[in-house]
Each structure stands twice: as structure tokens, then as C-alpha cells.
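Derivation of every value follows stated rules applied to the coordinates shown; laboratory data play no part. Quick caveat, the model's predicted, so the values are computed rather than measured. Glycine gets a Cβ as well: all are built from the backbone with ideal geometry, and neighbour counts include every protein chain shown.
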Amino acid sequence: MKKRNIKYIVIHCTASLSTAAVSTIKNGWKARGWKNPGYHRLIDAQGKAHILSSYANVVNGAKGYNQTGIHIAYIGGVVRSMDYRKLVPADTRTLAQRQTLELFVRELHQLYPNAKIVGHRDLSPDLNKDGVISPNEWTKMCPCFDVKSEYAGVMK
Ligand SMILES: [Zn+2]
């Protein structure tokens, strides 16, 4: 098998409630007709990592960043609004999810020291070309936290 050139480690949320089941998330991809999962690893609220695909495989994490990316997600990223009518973006990571996510980031940084560790939203187009992906340029909120500052210590 041809070795992939990993340039990005992309952190995601599933944009579901943190109680969503792995099977429900997988079924959502099937319903969209996806042959591949959306992420390589999926971390549930208890901090357990579910292996959905080998790093050698391409997944459907972010358009334009799949051939060169490894995609890791935590289950969550939305809460119910006060009136219960809609789901709104929020950083819903549990302590266990934070710990497992950081373990993956550390491990992947060692495996792929030249890869950039980014949040999905950081891959939004830089509309004003200032070199910074500002909140007003985010095409989505995923993963609902600032990956760069969160893992600054890991990247040192
Ligand atoms: Zn995402």
C-alpha cells in the first residue's frame, strides 16, 4: 500500500449530543452514501476511543484534507437550546474526552512531527487573506474549541 503523506491532524466534534451512540453516527454516514467513515478515531463521552479506520486509509473528515489528513473526533459539540427546540454549538468535551484527545494528539505528533494539528474550523477559507482564520470566516464551528492554544504545550 502507498504510504500517505500526512500533513494535517484534524480535530473534530460530531456535532451531535455527547450521548449519541457510535452506531447512530456510523448510520448517519451510511445514510449519506459514504463508503468510508468520517474519522479515524471517535472518542465517546467516557473517553473510550473507537477505531473506525486505519491511519493508512482515507476517511471523509474534511473536503480537500482527506488524502493528507488524519481525523480524530469527540462525540458531542452541541447542546440543546434553552427552549429545547434546536441544537447549538458548544464545547461539550468531558474530562475523559479531553484526556483521550490529548493522548492522541501527543501520539500523532510523535508519529507525524511535521503535520499541522488543527481544528476542522481552522481549515475554513481565509476570506480576507490575512493569514488568520478568524471566527467570522469559520464555515462551521467544529470542533468548538481552539486547537492551537489547547495543544500549544504538546507542539513545543
Ligand atoms: Zn469536523
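The residue list 86, 48 contains one member that is among the charged types (D, E, K, R), away from the ligand (no atom under 16 Å from the Cβ), surrounded by fewer than 14 Cβ atoms within 10 Å (Cβ to Cβ) and more than 25 Å from residue 155 (Cα to Cα), which is 86. In region 23-41, the residues that are in contact (Cβ under 8 Å) with a residue 40 or more places away in the chain reach residues that are among the aromatic types (Phe, Trp, Tyr) with C-beta atoms within less than 8 angstrom, at least six apart or across chains, in these pairs: 41/104. For region 7-20, the criterion of a residue being under 27 Å from residue 81 (Cβ atoms), part of a helix (DSSP H, G or I) and within 16 Å of the ligand (Cβ to nearest atom) is satisfied by no position.
Just wondering, is there one or more residues in region 116-133 that are within 16 Å of the ligand (Cβ to nearest atom), touching a Leu at 6+ places or on another chain (Cβ under 8 Å) and in contact (Cβ under 8 Å) with a residue 24 or more places away in the chain? Within region 116-133, one or more residues are within 16 Å of the ligand (Cβ to nearest atom), touching a Leu at 6+ places or on another chain (Cβ under 8 Å) and in contact (Cβ under 8 Å) with a residue 24 or more places away in the chain. For region 51-83, name all the residues that are closer than 15 Å to residue 143 by Cα, of a type in the set (A, V, I, L, M) and within 15 Å of the ligand (Cβ to nearest atom). Hits for region 51-83 are 62, 70, 72, 73, 75, 78.
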